[in-house]
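Undergrad: This is the structure I want to talk about, given as structure tokens.
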Amino acid sequence: DYSYIFKLLSLPDDGSISIDNVEVAGDTKYVYISRPPIPTYCPNCSCRMHSEGIYKRKIKHPILQDSTCIIFIVSQRKWKCTNCKTYVNESYPFFKPYKQSTDITPMLILEAMKDLSRSTASIARQFHLSDTKVHDIFTAFIDLPRLKLPEFLSVDEVHIDISENEKYALVLMDFASGQIIDILHNRWQSTAEDYFLSIPYDERKNVKFIISDAYKSYMEYPQQFFPNAVSVLDSFHVIKFLTGRINDYINLVMKSYKKKDREALDQS
Ligand SMILES: [Zn+2]
């Protein structure tokens, strides 16, 4: 009885789709699915179409509850119009043509991402997808409106493992109110460029101060994106910067004494 699969995918259990077999291999269920042939007419010229054969496609459907994965082996007919040479693939209600996972996959992934303690990588593993794919789904579905650019814009990075290459997210904050303006998924120059240049020039003109650490790219934000802004090192980073310079100086002095000592030693 495969009625649970029909329920799972909200499919009509009316004979328009049939489940021919289910195989279980480890954590994976293979579900063989097909449609009985129904007369199909050309979308172009309305002639009756002819079957060009049946192709088997693999469609992944990750299941959240028990970490098993369903793979549908879908028998999909290819219809051909002999009159105008149009080809049409038989359609199924739960996946789009050319997609390799079912329609509800993104919803399940977004649901899993609500758990803030989980990394993208672990979600990718659970759904048998790549990190990049999970990240793409997130950005495709989540559109968090950013706040308006403030006069005092604070720029800083936070360490978050988004993917192999993206280890730091860029956090934009209103320095005065502490509100997060937006978060960029990395701090690359190209990302910042795409992002800031997409904000209207008039809005960027309102930014007067960019508060950041001494990271060179941040220091260049005013001349690149904010015509009326100046860079400001925030006090925490100023102290860090000064301590660094003092340490450099101390090391320099120590080195020079070592050198003098060595020379004195050599002469004696
Ligand atoms: Zn046709």
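Each reported figure results from applying straightforward, stated rules to the coordinates on display, with no laboratory input. Since the model is a prediction, treat every value here as computed from it, not as a measurement. Positions of Cβ are backbone-derived with ideal geometry, glycine not excepted, and every protein chain shown enters the neighbour counts.
Undergrad: Taking the mean number of other Cβ atoms within 10 Å as a proxy for protection, how do you rank 164-172, 250-258 from highest to lowest?
TA: Put in order of decreasing packing, that is 164-172, 250-258.
Undergrad: Just to be sure I understand: with springs between alpha-carbon atoms less than 10 Å apart, which residue in Ala25, Ala121, Ala229 has the highest mean-square fluctuation in the Gaussian network model of the chain?
TA: In this elastic network of the chain, the residue with the biggest mean-square fluctuation among Ala25, Ala121, Ala229 is Ala25.
Undergrad: When the chain is modelled as a GNM with alpha-carbon springs shorter than 10 Å, which of Pro227, Pro39, Pro145 fluctuates the most?
TA: Fluctuation is largest for Pro39.
Undergrad: Could you please state, rounded to a whole Å, how far the C-alpha centre of the range 1-39 is from the C-alpha centre of the range 179-193?
TA: 44 Å
Undergrad: Under a straight-distance cross-link criterion of Cα-Cα below 13 Å, which aspartates and glutamates are reachable from Lys205, leaving out those fewer than 8 residues away in the same chain?
TA: Output for Lys205: Glu151.
Undergrad: Separate question: Mind checking which lysines have their Cα closer than 25 Å to the Cα of Lys167? Skip sequence neighbours fewer than 8 apart in that chain.
TA: Here the lysines satisfying the reach criterion relative to Lys167 are Lys114, Lys133, Lys216, Lys240.
Undergrad: Output the pairs from Lys29/Lys78; Lys60/Lys80; Lys56/Lys78 with a Cα-Cα distance over 20 Å in this structure; if there are none, say none.
TA: Lys29/Lys78; Lys60/Lys80, as the Cα separations exceed 20 Å there.
Undergrad: Further, regarding this structure: May I ask you to compute the full-extension gain from Asp14 to Leu147, defined as 0.36 nm times their residue separation minus their alpha-carbon distance, rounded to one decimal in nm?
TA: 43.0 nm
Undergrad: Efficiency by 1/(1 + (r/R0)^6): what FRET value for Leu110 and Leu242, r their Cβ-Cβ distance, R0 = 41 Å, to the nearest 0.05?
TA: Computed FRET efficiency for Leu110 and Leu242 comes out at 0.35.
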